[in-house]
Amino acid sequence: MLGDFLVEQGLITEDQLKKALKHQKKAGKLLGRSLIELGFIGEEELIKALSEQLGVQYVSLRNYQVDPKVINLVPEELARTYQVVPLFAIENDLTVAMANPLDVLAIDALSRATGMKILPVVCSEDEIREAIDHYYGSSTLAEAIQSLGDEEGPGGNGHDEQITEQALRREAEEGPIVRLVNSILEQAVYEGASDIHIEPLENRVRVRYRVDGVLHQVHSAPKNAQLALVSRLKILANLNIAERRLPQDGRFRMIMQGRRVDFRVSTLPSTHGEKVVLRILDRKENVTLEQLGLEPDELDKIRGLLSKAHGIVLVTGPTGSGKTTTLYSALQELDREALNIVTLEDPVEYELEGITQSQVNPKIGLTFASGLRSILRQDPDVVMVGEIRDRETAEIAIHAALTGHLVLSTLHTNDSAGAMTRLVDMGIEPYLISSSVVGVVAQRLVRKICSNCAEQFKPSKALVTSLGLPLNADYTFARGKGCNACKQTGYKGRVGIYEILVTNDEIRDLVLQNAPATAIAAAARENGMRTLREAGLRKVMQGLTTVEEVLRVTQVD
């Protein structure tokens with residue numbers, strides 16, 4: 001039985017299995033789906049365990065770029081009915097990804113339709129749905145752009161003030177533009193992009209995706225599509241399509257690949273027309289602390305901080321370093337039945353079950369400071385504040401921590417020790433900081449080496465020396481050669497590296513003395529803290545990332 005196997009492997013406990021079996025009986029779902037929905041195991045962990053139990057190879061479809069000729073071997077109706085994706089064919093053998101490799105009916109149907117021998121491999125349901133939509137779904141981005149042709153449309157230069165709102169709206173709702181926008185959004189979600197940049201240049205419109213923290217161009221649209229393209233996005237985000245002189249911000253939601261995906265939209269007037277940037281908020285499943293890439297001792301430290309009855313825990317790092325994901329993972333670690341947990345965010349990025357989430361709205365006077373005051377009248381046990389941006393918010397957060405609340409928030413600093421001095425710079429008295437801040441987590445995201453094209457190598461002595469590593473050890477590093485799965489970059493996916501400062505008496509004394517960040521960091525290292533650079537090098541040793549990536553995102557003073 002799958003449940004017993006998972007318990008034997010130490011992936012779930014007996015108690016979790018009992019709860020999942022009750023959930024399964026009540027919801028009428030498969031045991032694996034119940035375990036995932038209850039947060040007892042991640043989908044990837046479950047699929048890998050199923051692969052091991054059945055002796056069937058596990059694959060991630062995000063590591064494959066399937067040949068269209070192979071896709072054409074299996075009709076779309078069959079792929080959707082049985083939730084299968086053909087991967088490759090060798091002579092008369094067709095390898096097919098399935099969520100349930102024991103589905104004899106599906107294997108027989110595929111064999112009859114193709115006349116080939118079917119070799120199943122196991123994959124997650126979500127990835128199969130995504131791949132089916134990607135390979136069999138609407139027109140590709142290239143096809144959508146090609147369908148626009150070269151004819152000049154309304155306001156082709158991006159600045160024509162004579163174009164009426166009605167004309168813009170009419171063209172923005174026509175088939176070619178709708179297909180183009182849908183294709184841009186769908187491809188971005190499929191590739192795992194965090195942001196979409198639609199940038200007007202002199203003679204074209206450039207479309208770029210930020211994947212794993214790095215921007216890359218995916219296509220160019222003709223200049224004649226510029227106004228209609230921007231207008232379509234404005235319509236989706238409920239923005240004023242006639243206003244092209246001022247920046248605007250909005251948001252919209254779409255159902256893609258069987259799940260809800262939110263898009264935050266920002267427009268900015270530029271020399272060649274309006275630039276649009278979309279932030280993609282796509283939560284396939286809840287990310288647990290275990291899935292963040294924390295080392296076992298780091299996980300223990302964070303759980304120790306979350307177990308505090310009161311105090312402030314800060315997460316620091318630049319924009320796009322995963323701070324929000326860490327905060328959400330931390331909130332999910334708490335007992336949402338026994339605690340009153342309230343958040344104040346800008347904006348609410350993901351909805352969490354059992355937690356009261358509120359969003360700031362400065363236009364009507366709901367700021368972090370005013371919202372936090374109101375939250376403290378709601379009898380909270382735990383408060384999450386999206387960001388401490390000013391002295392007033394910091395003072396209220398500290399007051400909350402000193403009056404028996406656990407407060408989680410973020411700051412923009414380069415390292416964990418810098419959070420202490422940043423609060424001082426905001427005008428907070430050192431004695432308040434030393435008595436309220438219980439810990440700081442600084443973090444970065446590094447790109448992971450693509451598992452499809454990873455190769456090992458021996459680093460040179462010069463490289464080992466430059467990293468400050470002992471020369472008397474034998475090191476093996478890894479790197480990605482580049483392949484279709486990673487678009488020749490050698491990287492696919494990201495993992496976090498963390499610097500966790502837990503305050504003790506020595507650190508509190510240093511804060512009271514208004515000591516510099518370097519002195520606080522030195523004391524924290526003596527107390528067992530690993531720096532971001534050191535945490536990154538551990539990931540290099542584990543073959544997860546490269547030295548270049550770690551050097552790119554960390555600094556040494």
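For the reader, a short list of remarks on this structure follows.
- Residue that is farthest from the chain's Cα centre (by Cα) [pool: residues in the stretch 461-481 that are small (Gly, Ala, Ser) and at pLDDT 90 or above]: Ala478
- Of all residues in the stretch 291-322, those satisfying the criterion of being in contact (Cβ under 8 Å) with a residue 60 or more places away in the chain and in a loop (DSSP other than H, G, I, E, B) are Gly293, Leu294, Glu295, Lys308, Ala309, His310, Gly317, Pro318, Thr319, Gly320, Ser321, Gly322.
- Here the condition is being surrounded by fewer than 24 Cβ atoms within 10 Å (Cβ to Cβ) and assigned to a helix (DSSP H, G or I); of Ile396, Ile428, Ile433, it holds for Ile396 alone.
- Restricting the stretch 482-492 to residues that are in contact (Cβ under 8 Å) with a residue 12 or more places away in the chain and assigned to a loop (DSSP other than H, G, I, E, B), the residue that is nearest to the chain's Cα centre (by Cα): Cys486
Here's the yes/no breakdown for (1) outside any strand (DSSP E or B); (2) in contact (Cβ under 8 Å) with a residue 60 or more places away in the chain; (3) surrounded by fewer than 19 Cβ atoms within 10 Å (Cβ to Cβ):
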{"position": "Arg494", "(1), (2), (3)": "no, yes, no"}
{"position": "Asp509", "(1), (2), (3)": "yes, yes, yes"}
{"position": "Asn514", "(1), (2), (3)": "yes, yes, yes"}
{"position": "Thr518", "(1), (2), (3)": "yes, yes, yes"}
{"position": "Ala521", "(1), (2), (3)": "yes, yes, no"}
{"position": "Met529", "(1), (2), (3)": "yes, yes, no"}
{"position": "Glu534", "(1), (2), (3)": "yes, no, yes"}
{"position": "Lys539", "(1), (2), (3)": "yes, yes, no"}
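- Restricting Leu469, Leu501, Leu463 to residues that are in a strand (DSSP E or B) and of a type outside the set (Lys, Arg) narrows the list to Leu501.
- Filter pass, Thr554 being within 29 Å of Leu432 (Cα to Cα) and either of a type in the set (Ser, Thr, Tyr) or not assigned by the TED database to the domain that holds Gly304 (or both): no
- Matching residues in the stretch 460-479 - criterion: being aliphatic (A, V, I, L, M) and either touching a Gly at 6+ places or on another chain (Cβ under 8 Å) or loosely packed, with under 10 Cβ neighbours inside 10 Å (or both): Ala462, Leu471, Ala473, Ala478
- Here Ala369 meets each of (1) buried (at least 22 other Cβ atoms within 10 Å of the Cβ); (2) in a helix (DSSP H, G or I) with one exception, condition (1).
- Residue-level analysis places Val424 outside the set of residues that are in contact (Cβ under 8 Å) with a residue 24 or more places away in the chain and within 31 Å of the chain's Cα centre (by Cα).
- Of all residues in the stretch 222-239, those that are on the phi > 0 side of the Ramachandran plot have Cβ atoms under 9 Å from Cβ atoms of residues that are surrounded by fewer than 21 Cβ atoms within 10 Å (Cβ to Cβ) and among the hydrophobic types (A, V, I, L, M, F, W, C), 6 or more apart or on another chain, in Asn238/Phe252.
- Complete set of residues in the stretch 108-134 that are among the small types (Gly, Ala, Ser) and under 35 Å from the mean Cα position of the chain (by Cα): Ser124, Ala131
- Among residues of the stretch 455-479 that are free of Cβ contacts under 8 Å to residues at least 12 places away in the same chain, those with a Cβ under 8 angstrom from a residue that is loosely packed, with under 15 Cβ neighbours inside 10 Å and aliphatic (A, V, I, L, M), sequence gap 6+ or separate chain, pair up as Lys461/Leu471; Val464/Leu471; Thr465/Leu471.
The values are calculated or read from the model by the stated rules, or taken from the named source; none is laboratory data. From a predicted model like this one, the values you see are computed outputs, not experimental measurements. When we count neighbours, we look across all protein chains shown, and the Cβ atoms used for this are built from the backbone with ideal geometry, even at glycine.
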